[in-house]
1. Find out how many positive minus negative residues lie around residue 368, taking Lys and Arg as positive, Asp and Glu as negative, among other residues whose Cβ is under 10 Å from that of residue 368.
2. Please compute the net charge surrounding residue 93, taking Lys and Arg as +1 and Asp and Glu as -1 over other residues with Cβ under 13 Å from its Cβ.
3. Calculate the dipole size of the chain relative to its Cα centre from +1 charges on Lys and Arg beta carbons and -1 charges on Asp and Glu beta carbons; express the result in debye to the nearest 20.
4. Calculate what fraction, in whole %, of the accessible area of segment 117-183 sits on carbon and sulfur atoms when a 1.4 Å probe is rolled over the protein chains.
5. Within segment 358-373, name every residue whose backbone N is under 19 Å away from a label modeled 7 Å from Cα of residue 398 along the Cβ vector.
6. Can you give me the C-alpha center-to-center distance between segment 102-116 and segment 123-197, rounded to a whole angstrom?
7. Express in nm, to one decimal, how much length is gained between residue 62 and residue 298 on full extension, taking 0.36 nm for each residue of separation and deducting their alpha carbon distance.
8. Please list, in order, the residues from segment 292-309 whose amide nitrogen is less than 15 Å from a point placed 7 Å along the Cα→Cβ vector of residue 279.
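The values are calculated or read from the model by the stated rules, or taken from the named source; none is laboratory data. No experiment lies behind these values; they were computed from the predicted model shown. Cβ atoms come from the backbone with ideal geometry, glycine included; neighbour counts cover every protein chain shown. Just the protein is used for accessible areas: all its heavy atoms, side chains included, with ligands, DNA and RNA removed. Shrake-Rupley method; radii C 1.70, N 1.55, O 1.52, S 1.80 Å.
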Amino acid sequence: MRTTSHRKALSLLLVAGLGLAAASCGSGDDNKPAAQGSGDANAPVTITVGCQPPKSNPKERAGWDEDVAAFQKLHPNITIQSKDAFPCINPDTFQAKLAGGTQEDVFYVYYTDVQKIIKAKQAADISQYIGDVKELKDIRPDVQSVFKDGDKSYGLPRNNYNMGLVYNRKLFTQAGLNPDSPPKTWSEVQEAAKKIAGLGAGYTGFGEYSAGNTGGWHFAASLYARGGSMVSDDGKTAAFNSDEGKAVLENLKKMRWDDNSMGTKQLLQWEDLMRMMGSGKLGMMIGAPDVVQSVNNDFQGKFDDYGVTAVPESDGHSSLSGGDGYMFNPKATPEKIKAGLLWLQFHELTPGQGQFNYERAKAQGRPVGLPIPDLYGNTAPGKEIVALRKQFATVPVDHFTPYVDAQANITNKLEPPKAQELYAVLDVAMSAVLTRKDADISKLLSDAEGKANKILAKNT
(Lines give C-alpha, C1' and ligand atoms only; values in the text may rest on other atoms or scores of the structure.)
Protein backbone atom coordinates (compact mmCIF):
# COMPACT_ATOMS: atom_id res chain seq x y z
CA MET A 1 0.00 0.00 0.00
CA ARG A 2 1.16 3.50 -0.68
CA THR A 3 0.49 4.68 2.81
CA THR A 4 2.62 6.13 5.60
CA SER A 5 5.35 3.59 4.92
CA HIS A 6 6.12 5.27 1.63
CA ARG A 7 6.67 8.85 2.77
CA LYS A 8 10.03 9.19 1.07
CA ALA A 9 8.77 8.53 -2.44
CA LEU A 10 5.68 10.61 -1.84
CA SER A 11 7.74 13.53 -0.55
CA LEU A 12 9.80 13.59 -3.72
CA LEU A 13 6.68 13.71 -5.83
CA LEU A 14 5.01 16.46 -3.85
CA VAL A 15 8.09 18.65 -3.88
CA ALA A 16 8.36 18.25 -7.65
CA GLY A 17 4.87 19.69 -8.16
CA LEU A 18 2.58 19.48 -11.14
CA GLY A 19 2.23 23.08 -12.27
CA LEU A 20 4.20 22.97 -15.52
CA ALA A 21 1.93 20.31 -16.94
CA ALA A 22 -1.14 22.48 -17.18
CA ALA A 23 0.07 24.51 -20.15
CA SER A 24 0.30 21.53 -22.45
CA CYS A 25 -3.19 20.26 -21.66
CA GLY A 26 -5.17 23.10 -23.14
CA SER A 27 -8.34 24.52 -21.70
CA GLY A 28 -12.06 24.53 -22.19
CA ASP A 29 -13.33 21.09 -23.19
CA ASP A 30 -9.93 19.58 -23.91
CA ASN A 31 -10.25 17.23 -20.97
CA LYS A 32 -13.31 15.49 -22.41
CA PRO A 33 -12.91 12.14 -24.13
CA ALA A 34 -11.42 12.66 -27.57
CA ALA A 35 -13.60 10.15 -29.34
CA GLN A 36 -17.19 9.11 -28.89
CA GLY A 37 -16.70 5.54 -30.09
CA SER A 38 -19.12 3.15 -31.72
CA GLY A 39 -21.78 3.13 -29.00
CA ASP A 40 -21.80 -0.70 -29.04
CA ALA A 41 -21.56 -1.82 -25.41
CA ASN A 42 -20.16 -5.18 -26.51
CA ALA A 43 -17.57 -3.86 -28.94
CA PRO A 44 -13.98 -4.90 -28.17
CA VAL A 45 -12.07 -2.39 -26.07
CA THR A 46 -8.53 -2.44 -24.67
CA ILE A 47 -7.50 -0.39 -21.66
CA THR A 48 -4.13 0.19 -20.04
CA VAL A 49 -4.16 0.12 -16.22
CA GLY A 50 -1.38 1.31 -13.95
CA CYS A 51 0.09 -0.06 -10.73
CA GLN A 52 0.23 -3.76 -11.42
CA PRO A 53 2.39 -5.22 -8.63
CA PRO A 54 6.00 -5.66 -9.80
CA LYS A 55 7.71 -9.01 -10.39
CA SER A 56 9.65 -8.41 -7.20
CA ASN A 57 6.34 -8.86 -5.33
CA PRO A 58 5.30 -12.22 -6.80
CA LYS A 59 2.38 -13.00 -4.49
CA GLU A 60 0.53 -9.75 -5.11
CA ARG A 61 1.37 -9.88 -8.81
CA ALA A 62 -0.03 -13.41 -9.09
CA GLY A 63 -3.23 -12.22 -7.42
CA TRP A 64 -3.50 -9.29 -9.82
CA ASP A 65 -2.98 -11.48 -12.89
CA GLU A 66 -5.53 -13.95 -11.56
CA ASP A 67 -8.03 -11.13 -11.16
CA VAL A 68 -7.40 -9.81 -14.67
CA ALA A 69 -8.12 -13.26 -16.08
CA ALA A 70 -11.31 -13.58 -14.02
CA PHE A 71 -12.47 -10.10 -15.03
CA GLN A 72 -11.84 -10.70 -18.73
CA LYS A 73 -13.82 -13.94 -18.49
CA LEU A 74 -16.76 -11.94 -17.12
CA HIS A 75 -16.26 -9.23 -19.77
CA PRO A 76 -14.83 -10.97 -22.85
CA ASN A 77 -14.96 -7.78 -24.92
CA ILE A 78 -12.53 -5.99 -22.52
CA THR A 79 -8.78 -6.53 -22.64
CA ILE A 80 -6.63 -5.18 -19.81
CA GLN A 81 -3.01 -4.31 -20.47
CA SER A 82 -1.35 -4.01 -17.07
CA LYS A 83 1.54 -1.63 -16.47
CA ASP A 84 3.91 -2.53 -13.65
CA ALA A 85 6.20 0.47 -13.18
CA PHE A 86 7.56 0.48 -9.64
CA PRO A 87 7.07 2.61 -7.74
CA CYS A 88 3.64 3.16 -9.26
CA ILE A 89 4.40 6.87 -9.43
CA ASN A 90 7.91 7.80 -10.51
CA PRO A 91 8.54 11.47 -9.67
CA ASP A 92 11.01 11.70 -12.56
CA THR A 93 8.43 10.78 -15.20
CA PHE A 94 4.98 11.41 -13.73
CA GLN A 95 4.78 15.10 -14.65
CA ALA A 96 5.91 14.43 -18.20
CA LYS A 97 3.34 11.67 -18.64
CA LEU A 98 0.57 13.95 -17.37
CA ALA A 99 1.73 16.83 -19.54
CA GLY A 100 1.93 14.70 -22.66
CA GLY A 101 -1.21 12.71 -21.97
CA THR A 102 0.77 9.47 -22.12
CA GLN A 103 -0.34 8.13 -18.75
CA GLU A 104 -2.37 4.93 -18.70
CA ASP A 105 -6.07 5.00 -19.58
CA VAL A 106 -6.67 4.22 -15.90
CA PHE A 107 -3.79 5.77 -13.97
CA TYR A 108 -2.76 5.58 -10.34
CA VAL A 109 -2.64 8.71 -8.14
CA TYR A 110 -2.01 9.78 -4.57
CA TYR A 111 -4.84 11.71 -2.91
CA THR A 112 -2.57 14.71 -2.46
CA ASP A 113 -2.20 15.13 -6.23
CA VAL A 114 -5.82 14.72 -7.29
CA GLN A 115 -6.99 18.32 -7.09
CA LYS A 116 -3.89 19.62 -8.88
CA ILE A 117 -4.51 17.11 -11.67
CA ILE A 118 -8.15 18.18 -11.95
CA LYS A 119 -7.28 21.86 -12.09
CA ALA A 120 -4.67 21.19 -14.76
CA LYS A 121 -7.30 19.30 -16.82
CA GLN A 122 -5.13 16.19 -16.83
CA ALA A 123 -7.94 13.77 -15.98
CA ALA A 124 -11.25 12.96 -17.61
CA ASP A 125 -14.56 14.07 -16.14
CA ILE A 126 -16.31 10.73 -15.56
CA SER A 127 -19.48 12.14 -13.98
CA GLN A 128 -21.83 10.81 -16.65
CA TYR A 129 -20.49 7.26 -16.25
CA ILE A 130 -19.71 6.86 -12.56
CA GLY A 131 -23.36 6.39 -11.59
CA ASP A 132 -23.14 2.84 -12.93
CA VAL A 133 -20.76 1.92 -10.09
CA LYS A 134 -23.22 0.39 -7.65
CA GLU A 135 -20.88 0.72 -4.65
CA LEU A 136 -20.59 4.48 -5.14
CA LYS A 137 -23.49 5.26 -2.83
CA ASP A 138 -21.77 3.49 0.07
CA ILE A 139 -18.28 4.99 -0.25
CA ARG A 140 -17.50 7.34 2.62
CA PRO A 141 -18.30 10.91 1.52
CA ASP A 142 -15.00 12.24 2.90
CA VAL A 143 -13.16 9.65 0.80
CA GLN A 144 -15.02 10.05 -2.48
CA SER A 145 -14.90 13.85 -2.15
CA VAL A 146 -11.14 13.63 -2.79
CA PHE A 147 -11.96 12.85 -6.43
CA LYS A 148 -14.63 15.52 -6.85
CA ASP A 149 -14.64 19.12 -7.94
CA GLY A 150 -18.04 20.58 -7.24
CA ASP A 151 -20.57 18.11 -8.61
CA LYS A 152 -18.11 16.53 -11.06
CA SER A 153 -16.25 13.26 -10.44
CA TYR A 154 -12.81 12.36 -11.71
CA GLY A 155 -11.87 9.06 -10.14
CA LEU A 156 -12.35 6.35 -7.52
CA PRO A 157 -10.42 5.45 -4.36
CA ARG A 158 -8.37 2.32 -3.85
CA ASN A 159 -6.89 2.84 -0.42
CA ASN A 160 -7.25 5.26 2.48
CA TYR A 161 -5.83 5.64 5.95
CA ASN A 162 -5.71 8.12 8.75
CA MET A 163 -3.26 8.58 11.56
CA GLY A 164 -3.53 6.98 14.96
CA LEU A 165 -1.43 6.24 18.02
CA VAL A 166 0.65 3.08 17.64
CA TYR A 167 1.66 1.53 20.96
CA ASN A 168 3.57 -1.45 22.29
CA ARG A 169 1.09 -3.62 24.17
CA LYS A 170 3.87 -5.71 25.69
CA LEU A 171 5.48 -2.64 27.24
CA PHE A 172 2.10 -1.42 28.46
CA THR A 173 1.70 -4.67 30.38
CA GLN A 174 5.24 -4.51 31.78
CA ALA A 175 4.62 -0.93 32.95
CA GLY A 176 1.37 -1.87 34.69
CA LEU A 177 -0.86 -0.30 32.03
CA ASN A 178 -3.90 -1.88 30.41
CA PRO A 179 -3.14 -2.54 26.72
CA ASP A 180 -6.86 -2.89 26.00
CA SER A 181 -7.49 0.63 27.28
CA PRO A 182 -4.92 2.86 25.53
CA PRO A 183 -4.67 6.62 26.17
CA LYS A 184 -7.49 8.86 24.98
CA THR A 185 -5.99 12.16 26.10
CA TRP A 186 -2.50 13.64 25.95
CA SER A 187 -2.40 13.69 29.73
CA GLU A 188 -2.90 9.93 29.68
CA VAL A 189 -0.14 9.63 27.06
CA GLN A 190 2.19 11.60 29.34
CA GLU A 191 1.47 9.35 32.32
CA ALA A 192 1.88 6.18 30.27
CA ALA A 193 5.11 7.47 28.71
CA LYS A 194 6.63 8.19 32.12
CA LYS A 195 5.84 4.66 33.33
CA ILE A 196 7.32 3.05 30.22
CA ALA A 197 10.45 5.20 30.37
CA GLY A 198 10.74 4.14 34.00
CA LEU A 199 11.22 0.50 32.98
CA GLY A 200 14.94 1.15 32.70
CA ALA A 201 17.78 2.40 30.55
CA GLY A 202 17.07 2.39 26.83
CA TYR A 203 13.27 2.55 27.15
CA THR A 204 11.46 5.50 25.55
CA GLY A 205 7.89 6.27 26.48
CA PHE A 206 6.92 8.35 23.45
CA GLY A 207 8.87 9.03 20.28
CA GLU A 208 8.50 11.86 17.80
CA TYR A 209 10.01 12.99 14.51
CA SER A 210 11.74 16.34 14.00
CA ALA A 211 13.78 16.11 10.79
CA GLY A 212 13.48 15.33 7.09
CA ASN A 213 10.01 16.93 6.88
CA THR A 214 8.67 14.19 9.15
CA GLY A 215 8.48 16.50 12.15
CA GLY A 216 6.20 18.92 10.35
CA TRP A 217 4.14 15.99 9.09
CA HIS A 218 3.51 14.74 12.63
CA PHE A 219 2.91 18.28 13.85
CA ALA A 220 0.05 18.41 11.35
CA ALA A 221 -1.30 15.07 12.58
CA SER A 222 -1.37 16.25 16.19
CA LEU A 223 -2.76 19.64 15.17
CA TYR A 224 -5.68 18.15 13.22
CA ALA A 225 -6.52 15.84 16.11
CA ARG A 226 -6.80 18.85 18.42
CA GLY A 227 -9.18 20.58 16.00
CA GLY A 228 -6.63 22.90 14.42
CA SER A 229 -5.75 23.56 10.78
CA MET A 230 -2.50 23.98 8.92
CA VAL A 231 -3.84 26.63 6.53
CA SER A 232 -6.83 28.92 6.15
CA ASP A 233 -9.95 27.66 4.37
CA ASP A 234 -8.84 29.27 1.11
CA GLY A 235 -5.36 27.80 1.46
CA LYS A 236 -3.65 31.18 1.15
CA THR A 237 -2.33 31.73 4.66
CA ALA A 238 -0.96 29.65 7.52
CA ALA A 239 -3.32 28.80 10.39
CA PHE A 240 -1.11 26.68 12.66
CA ASN A 241 0.03 29.57 14.88
CA SER A 242 -2.96 28.95 17.09
CA ASP A 243 -3.87 27.69 20.54
CA GLU A 244 -3.96 24.17 19.09
CA GLY A 245 -0.54 24.58 17.49
CA LYS A 246 0.96 25.87 20.72
CA ALA A 247 -0.59 22.96 22.63
CA VAL A 248 1.14 20.48 20.32
CA LEU A 249 4.59 21.94 21.04
CA GLU A 250 3.94 22.57 24.73
CA ASN A 251 2.94 18.94 25.19
CA LEU A 252 6.12 17.68 23.51
CA LYS A 253 8.28 20.10 25.47
CA LYS A 254 6.82 18.86 28.74
CA MET A 255 7.35 15.19 27.90
CA ARG A 256 10.88 15.85 26.67
CA TRP A 257 12.21 18.09 29.45
CA ASP A 258 9.93 17.78 32.50
CA ASP A 259 9.11 14.08 32.26
CA ASN A 260 12.24 12.82 30.48
CA SER A 261 10.01 10.25 28.75
CA MET A 262 11.13 10.88 25.16
CA GLY A 263 14.80 10.00 25.44
CA THR A 264 17.80 12.19 24.70
CA LYS A 265 18.28 11.17 21.06
CA GLN A 266 16.31 13.56 18.88
CA LEU A 267 16.24 14.86 15.28
CA LEU A 268 14.63 11.54 14.35
CA GLN A 269 13.36 10.69 10.86
CA TRP A 270 11.01 8.03 9.53
CA GLU A 271 13.16 4.93 9.87
CA ASP A 272 14.42 5.89 13.34
CA LEU A 273 11.10 5.47 15.12
CA MET A 274 10.28 2.36 13.11
CA ARG A 275 13.55 0.77 14.23
CA MET A 276 12.91 1.81 17.85
CA MET A 277 9.41 0.36 17.75
CA GLY A 278 10.73 -2.88 16.23
CA SER A 279 13.36 -3.17 18.96
CA GLY A 280 10.66 -3.38 21.61
CA LYS A 281 11.97 -0.36 23.52
CA LEU A 282 9.55 2.37 22.29
CA GLY A 283 6.17 2.69 23.95
CA MET A 284 4.16 4.97 21.63
CA MET A 285 4.33 6.95 18.40
CA ILE A 286 1.96 8.67 15.99
CA GLY A 287 1.28 6.48 12.95
CA ALA A 288 -1.32 4.77 10.79
CA PRO A 289 -2.08 1.04 11.22
CA ASP A 290 0.30 0.12 8.40
CA VAL A 291 3.16 1.10 10.71
CA VAL A 292 2.57 -2.19 12.51
CA GLN A 293 2.95 -4.09 9.24
CA SER A 294 6.19 -2.29 8.40
CA VAL A 295 7.59 -2.88 11.88
CA ASN A 296 6.74 -6.57 11.54
CA ASN A 297 8.04 -6.97 7.98
CA ASP A 298 11.11 -4.74 8.00
CA PHE A 299 12.18 -4.01 11.58
CA GLN A 300 11.99 -7.36 13.41
CA GLY A 301 8.83 -6.56 15.34
CA LYS A 302 5.92 -8.94 15.93
CA PHE A 303 2.28 -8.22 15.14
CA ASP A 304 1.25 -9.65 18.50
CA ASP A 305 3.12 -6.94 20.40
CA TYR A 306 1.41 -3.86 18.95
CA GLY A 307 -1.90 -2.06 19.02
CA VAL A 308 -3.34 1.08 17.44
CA THR A 309 -5.82 3.60 18.75
CA ALA A 310 -6.96 7.05 17.62
CA VAL A 311 -4.72 10.06 18.02
CA PRO A 312 -5.51 11.39 21.51
CA GLU A 313 -8.30 13.97 21.77
CA SER A 314 -9.32 13.54 18.12
CA ASP A 315 -12.91 12.57 18.94
CA GLY A 316 -15.19 14.95 17.06
CA HIS A 317 -12.23 16.42 15.17
CA SER A 318 -10.16 15.36 12.18
CA SER A 319 -7.33 12.98 11.46
CA LEU A 320 -4.55 13.55 8.97
CA SER A 321 -5.34 11.16 6.16
CA GLY A 322 -4.14 10.03 2.79
CA GLY A 323 -4.48 7.27 0.29
CA ASP A 324 -4.51 6.50 -3.38
CA GLY A 325 -6.83 5.65 -6.23
CA TYR A 326 -7.31 5.88 -9.96
CA MET A 327 -8.19 8.58 -12.49
CA PHE A 328 -8.71 8.45 -16.24
CA ASN A 329 -6.66 9.79 -19.11
CA PRO A 330 -8.48 12.80 -20.61
CA LYS A 331 -7.98 11.23 -24.04
CA ALA A 332 -9.85 8.06 -23.05
CA THR A 333 -12.98 7.28 -25.05
CA PRO A 334 -16.30 6.66 -23.30
CA GLU A 335 -15.83 2.94 -23.97
CA LYS A 336 -12.46 2.98 -22.21
CA ILE A 337 -13.87 4.91 -19.26
CA LYS A 338 -16.78 2.50 -18.87
CA ALA A 339 -14.45 -0.49 -19.12
CA GLY A 340 -12.09 1.09 -16.60
CA LEU A 341 -14.90 1.70 -14.15
CA LEU A 342 -15.97 -1.93 -14.44
CA TRP A 343 -12.41 -3.01 -13.63
CA LEU A 344 -12.11 -0.67 -10.63
CA GLN A 345 -15.48 -1.84 -9.35
CA PHE A 346 -14.31 -5.44 -9.64
CA HIS A 347 -10.79 -5.08 -8.28
CA GLU A 348 -10.88 -2.19 -5.79
CA LEU A 349 -14.45 -1.91 -4.50
CA THR A 350 -16.10 -5.35 -4.22
CA PRO A 351 -15.97 -7.25 -0.89
CA GLY A 352 -14.32 -10.63 -1.32
CA GLN A 353 -12.74 -9.76 -4.68
CA GLY A 354 -9.54 -8.13 -5.84
CA GLN A 355 -7.87 -6.23 -3.03
CA PHE A 356 -10.52 -7.53 -0.62
CA ASN A 357 -9.92 -11.22 -1.45
CA TYR A 358 -8.70 -11.97 2.05
CA GLU A 359 -9.08 -15.73 1.64
CA ARG A 360 -6.46 -15.66 -1.11
CA ALA A 361 -4.23 -13.27 0.84
CA LYS A 362 -4.23 -15.61 3.80
CA ALA A 363 -3.41 -18.61 1.58
CA GLN A 364 -0.48 -16.61 0.17
CA GLY A 365 0.85 -15.91 3.64
CA ARG A 366 0.12 -12.19 3.48
CA PRO A 367 -1.10 -10.29 6.57
CA VAL A 368 -4.88 -10.03 6.91
CA GLY A 369 -6.67 -8.02 9.58
CA LEU A 370 -5.33 -4.46 9.38
CA PRO A 371 -8.26 -1.99 9.52
CA ILE A 372 -7.30 -0.27 6.27
CA PRO A 373 -8.53 0.61 3.77
CA ASP A 374 -11.78 1.90 5.23
CA LEU A 375 -13.60 2.99 2.08
CA TYR A 376 -17.12 2.28 3.31
CA GLY A 377 -17.38 3.05 7.02
CA ASN A 378 -20.34 1.33 8.66
CA THR A 379 -22.33 0.68 5.46
CA ALA A 380 -23.28 -2.81 4.24
CA PRO A 381 -20.13 -3.39 2.15
CA GLY A 382 -18.03 -1.97 4.97
CA LYS A 383 -19.49 -4.47 7.42
CA GLU A 384 -18.97 -7.29 4.93
CA ILE A 385 -15.30 -6.36 4.51
CA VAL A 386 -14.79 -6.23 8.28
CA ALA A 387 -16.39 -9.67 8.63
CA LEU A 388 -14.13 -11.10 5.93
CA ARG A 389 -11.06 -9.60 7.62
CA LYS A 390 -11.99 -11.29 10.87
CA GLN A 391 -12.79 -14.59 9.15
CA PHE A 392 -9.41 -14.83 7.44
CA ALA A 393 -7.33 -12.82 9.90
CA THR A 394 -3.65 -13.65 10.31
CA VAL A 395 -2.94 -10.75 12.69
CA PRO A 396 -4.67 -9.95 16.01
CA VAL A 397 -7.67 -7.93 14.81
CA ASP A 398 -8.69 -7.03 18.36
CA HIS A 399 -5.49 -5.02 18.77
CA PHE A 400 -6.93 -2.47 16.33
CA THR A 401 -10.36 -2.25 17.99
CA PRO A 402 -9.74 1.10 19.75
CA TYR A 403 -8.72 2.64 16.41
CA VAL A 404 -11.73 1.18 14.57
CA ASP A 405 -14.23 2.18 17.25
CA ALA A 406 -13.07 5.80 17.13
CA GLN A 407 -13.49 6.25 13.38
CA ALA A 408 -17.21 7.05 13.43
CA ASN A 409 -16.50 10.42 15.10
CA ILE A 410 -13.38 11.37 13.17
CA THR A 411 -13.28 13.08 9.76
CA ASN A 412 -10.52 12.36 7.28
CA LYS A 413 -8.58 15.52 6.46
CA LEU A 414 -5.94 15.67 3.74
CA GLU A 415 -2.51 17.21 3.93
CA PRO A 416 -2.33 20.98 3.31
CA PRO A 417 -1.28 22.57 0.03
CA LYS A 418 2.52 22.68 -0.45
CA ALA A 419 2.68 20.15 2.35
CA GLN A 420 6.33 19.21 2.11
CA GLU A 421 7.48 22.82 2.12
CA LEU A 422 5.34 23.58 5.16
CA TYR A 423 6.56 20.45 6.90
CA ALA A 424 10.16 21.53 6.35
CA VAL A 425 9.38 24.87 8.01
CA LEU A 426 7.76 23.16 11.00
CA ASP A 427 10.64 20.72 11.38
CA VAL A 428 12.49 23.73 12.80
CA ALA A 429 9.91 24.27 15.52
CA MET A 430 9.65 20.56 16.31
CA SER A 431 13.41 20.10 16.55
CA ALA A 432 13.80 23.22 18.67
CA VAL A 433 11.42 22.13 21.44
CA LEU A 434 12.98 18.65 21.50
CA THR A 435 16.60 19.82 21.62
CA ARG A 436 16.46 23.13 23.53
CA LYS A 437 14.95 23.35 26.98
CA ASP A 438 14.61 27.13 26.63
CA ALA A 439 12.82 27.03 23.23
CA ASP A 440 10.33 29.90 22.84
CA ILE A 441 7.20 28.27 21.40
CA SER A 442 5.42 31.51 20.52
CA LYS A 443 8.43 32.82 18.61
CA LEU A 444 8.98 29.49 16.86
CA LEU A 445 5.42 29.41 15.58
CA SER A 446 5.47 33.08 14.64
CA ASP A 447 8.65 32.60 12.61
CA ALA A 448 7.21 29.48 10.98
CA GLU A 449 4.00 31.33 10.15
CA GLY A 450 5.91 34.07 8.34
CA LYS A 451 7.87 31.57 6.26
CA ALA A 452 4.76 29.52 5.53
CA ASN A 453 2.83 32.56 4.32
CA LYS A 454 5.60 33.32 1.82
CA ILE A 455 5.44 29.73 0.57
CA LEU A 456 1.66 29.79 0.23
CA ALA A 457 1.75 33.14 -1.55
CA LYS A 458 3.80 31.68 -4.39
CA ASN A 459 1.86 30.67 -7.51
CA THR A 460 -1.53 31.20 -5.87
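1. Counting the neighbours of residue 368, the net charge comes to +4.
2. Cβ neighbours under 13 Å give a net charge of 0.
3. 640 debye
4. Carbon-and-sulfur percentage of accessible area, whole number: 45.
5. 368-371, by backbone N distance to the label point.
6. Between the Cα centres of segment 102-116 and segment 123-197 lies a distance of 21 Å.
7. 82.7 nm
8. Under cut-off, by backbone N: 299-301.
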